[in-house]
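Below is one structure; the comments refer to it alone.
The values are calculated or read from the model by the stated rules, or taken from the named source; none is laboratory data. Because the structure is a prediction, the values reported are computed rather than measured. Positions of Cβ are generated from backbone atoms using ideal geometry, with glycine treated the same way; all protein chains shown enter the neighbour counts. For the accessible areas, the whole protein counts, side chains as well, though only heavy atoms, and no ligand, DNA or RNA atoms are used. Shrake-Rupley method; radii C 1.70, N 1.55, O 1.52, S 1.80 Å.
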Amino acid sequence: MAPIISATQQLPLVSHAFSYSKPTRAGFSLLQPHILHSNKALFYSRSNFRPLKAILNSPSLPKVAGDAKEKEDALTLREICLGHVPEHVLRRVAEVGYVVPTDVQKQALPVLFSGSDCILHAQTGSGKTLAYLLLIFSVMNTQRSAVQALIVVPTRELGIQVTKVARMLAAMPTENGAEQKSCTVMALLDGGMLRRHKSWLKAEPPTIVVATIGSLCQMLEKHLLKLESMQVLVIDEVDFMFNSSKQVSSLRKLLTSYSSCNSRQTVFASASIPQHNRFLYDCIQQKWTKRDVVHVHVNPIEPMPTRLQHKFVICSKKQRHQTLLSLMLSDTPKSGIIFVGEQSEKSKKAGNAPPTIDLVDFLKTSSWGCSEILLLEEDMNFNSRAASLSEVRQGGGYLLVATDIAARGVDLPEITHIYNFDLPRTAVDYLHRAGRTGRKPFSDEKCYVTNIIMPEERFVLQRYENELMFNCEELFLQS
Ligand SMILES: Nc1ncnc2c1ncn2[C@@H]1O[C@H](COP(=O)(O)OP(=O)(O)OP(=O)(O)O)[C@@H](O)[C@H]1O
């Protein structure tokens, strides 16, 4: 089996590399450059590297001088990127207020700039998007008219968001103050005007494409989009994409048939990669990445951001609407998301209104009057979905009633409260829903996740608490 090389943040800075099993000659030569370049502890194993963590965390580990580590920790984002990312992008980064790198940026950027394939595995809201976009800007040649980077996302909503950040970073002010683009960013997303995109692709290919897999494959199958010049391929929310029966086969095709891992740098990103050792193994075996792929796993023992406070209220099914209202009247959230489960096929066939609409109607006719109530769910048409999110992004107070479509990647930094009106189906879904709040790096403002559960659901929530290692406090509402 091929060696797996991995770097982790939790390690003290060391000058030694460990081999859990005897390295092959090829394995050792893969390991060596990493030692030289990162000066961090790197280790690899044939199967499972867990026992190594104990060794690596042991105080007897040889440490490089403390001030070298302090210096490395104190580097600004600009200093990390200098010599890799064009000056005009670095200026934009600073103008937006990104000065101090987040942990994932600190750890991942040197790996990404070294050209390694990478799995970015870090908490929700930790700044993975900026990390992979900076890599893209570091390899971009604006003189070439070809698609050089492709970012694949699971939803249109996330695609719009990533495109916006990429365009914001790409904008280049000219001398008289008017902006011109240094590179073009195309959003090739389900529900978009594919006819317009076809003409654009024929006239002049964009430098960066942000795409959902359905629209992307349509363009690839018609040979309207070519990936021969693609240098970076990013798959965001990678675990979700591999788990989605609608997306997985196209994704596999993209990774192996439409392009080859040898001719591109591949980056996978997510806050949750269940069974990540197995995933790393598959990446190499299936040739989704090169053999020396680096797993940047930030804060592996704390998958849930610590800023979040979790609570639960037990009530009967009939009392849930009223319980939610009482909670909101006492919390008075300025902005929040209420997550509701998807409507069952049986309920659809019976002609019932979706539970999201029921809830919006209830809130609109109730004594809740503090903020605007918006809706986001799969069954809405794409224009209404876009309208909901753009209203939300204009700021001000709002409550978004949403299904899990809003649970992945959507970045609304002003949200302070999440309500699970229905419990999510899995711990991973819980993690991503909860992660829609607490999204301002370096802030210690408290954010809240409140679960409205029925007595028989307490054990499910307990299971999520154990799996994600957080504590949920019971609330008792006064009647
Ligand atoms: N260095 C930085 N300094 C300040 N803010 C930052 C920095 N990097 C990113 N951010 C902000 O942090 C927020 C979260 O970033 P981002 O959306 O990339 O998180 P993520 O890791 O992709 O989360 P998720 O897993 O939920 O998709 C964004 O509002 C972004 O603007």
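Consider all pairwise Cα distances in segment 320-479 and report the whole-number % of them above 20 Å.
Numbers: 6457 of 12720 pairs.
Pairs farther apart than 20 Å: 51 percent.
Provide the net charge surrounding Leu224, with neighbours chosen by a C-beta distance below 10 Å and charges set as Lys +1, Arg +1, Asp -1, Glu -1. Present the calculation step by step, with values, prior to reporting the outcome.
Working: positive: Lys198, Lys202, Lys222, Lys226; negative: Glu221.
Charge balance near Leu224 sits at +3.
What size of dipole, in debye to the nearest 20, comes out for segment 188-331 about its Cα centre when the only charges are +1 on Lys and Arg C-beta atoms and -1 on Asp and Glu C-beta atoms? Working shown, then result.
Working: 19 positive and 11 negative charges, 92 e Å.
So the dipole magnitude of segment 188-331 works out to roughly 440 debye.
Cα to Cα, under 14 Å, and not fewer than 8 places away if on the same chain: which aspartates and glutamates meet these conditions relative to Lys348?
Asp358, Glu378, Asp379
Out of all Cα-Cα pairs in segment 161-320, roughly what percent, to the nearest whole number, are more than 19 Å apart?
Details: 8334 of 12720 pairs.
Roughly 66 percent, once rounded to a whole number.
Can you give the relative contact order of segment 88-170 as a percent, counting alpha carbon pairs under 8 Å and 6+ residues apart?
Numbers: 40 pairs, mean separation 26.9, N = 83.
Averaging sequence separation for qualifying contacts and normalising by length gives 32 percent for segment 88-170.
So if I take the alpha carbon set of segment 378-443, get Rg, then get Rh from the Kirkwood formula, what is the Rg over Rh ratio? Kindly include the intermediate steps, with their values, before the conclusion.
Working: Rg = 12.2 Å, Rh = 12.9 Å.
Value, to two decimals: 0.95.
Once neighbouring chains are kept in place and the probe is 1.4 Å, which whole percent of the accessible area of segment 121-230 is contributed by carbon and sulfur? Walk me through the intermediate numbers first.
On the way: 2190 of 4490 Å².
The C+S portion of the solvent-accessible surface of segment 121-230 is 49 percent.
Among all the aspartates and glutamates, which ones have a C-alpha under 14 Å from Lys364's C-alpha, if same-chain residues fewer than 8 places away are not counted?
Reachable aspartates and glutamates: Glu372.
Counting pairs of Cα atoms in segment 255-319, how many percent are more than 18 Å apart?
So the pairs more than 18 Å apart make up 55 percent of the total in segment 255-319.
Tell me the net charge near Arg307. Cut-off is 10 Å between Cβ atoms, Arg307 excluded, with +1 for each Lys or Arg and -1 for each Asp or Glu. Let's see the in-between values first.
Working: positive: Arg439, Lys440, Lys446; negative: Asp444, Glu445.
Taking every other residue near Arg307 into account, the sum is +1.
What number do you get for segment 338-426 when its Cα radius of gyration is normalised by 2.2 N^0.38 Å, N = residues? Could the numbers behind the result be given before it?
Values: Rg = 13.1 Å, N = 89, 2.2 N^0.38 = 12.1 Å.
Normalised by 2.2 N^0.38 Å, the Cα Rg of segment 338-426 equals 1.08.
Given Lys106/Lys253; Lys226/Lys290; Lys253/Lys346; Lys334/Lys446; Lys164/Lys334; Lys198/Lys226, which pairs have Cα atoms separated by over 23 Å?
Details: Lys106/Lys253 32 Å; Lys226/Lys290 21 Å; Lys253/Lys346 34 Å; Lys334/Lys446 13 Å; Lys164/Lys334 25 Å; Lys198/Lys226 12 Å.
Cα-Cα > 23 Å for Lys106/Lys253; Lys253/Lys346; Lys164/Lys334; rest within.
Measuring with a 1.4 Å probe in the full set of protein chains, what accessible area per residue, in whole Å², belongs to segment 293-384? Intermediate results must be reported in sequence, preceding the final value.
Numbers: 4590 Å² over 92 residues.
That works out to 50 Å² for each residue.
Need the list of aspartates and glutamates near Lys317 for cross-linking: C-alpha distance under 13 angstrom, and skip anything on the same chain fewer than eight residues off.
Cross-link targets: Asp422, Glu456, Glu457.
What net charge do the residues around Arg463 carry, taking every other residue with its C-beta under 14 Å from that of Arg463, with Lys and Arg at +1 and Asp and Glu at -1?
Working: positive: Arg425, Arg458; negative: Asp429, Glu456, Glu457, Glu465, Glu467.
Residues near Arg463 contribute -3 overall.
Given bins 5 angstrom wide, list per bin the percent of all Cα-Cα distances in segment 92-213, short to long.
2, 10, 18, 22, 22, 14, 8, 3, 0
Could you do me a favour and compute the accessible area per residue for segment 392-479, 1.4 Å probe, result in Å²?
Value for segment 392-479: 43 Å² per residue.
Suppose a student asked you for the relative contact order of segment 284-407, using Cα pairs under 8 Å spaced at least 6 residues apart; what percent would you report? Write out the running numbers ahead of the final one.
On the way: 107 pairs, mean separation 34.9, N = 124.
Worked out over segment 284-407, it gives 28 percent.
Accessible area of segment 355-457 with a 1.4 Å probe: how many percent of it is carbon plus sulfur? Walk me through the intermediate numbers first.
Working: 1980 of 3940 Å².
Result for segment 355-457: 50 percent of the exposed heavy-atom area is carbon or sulfur.
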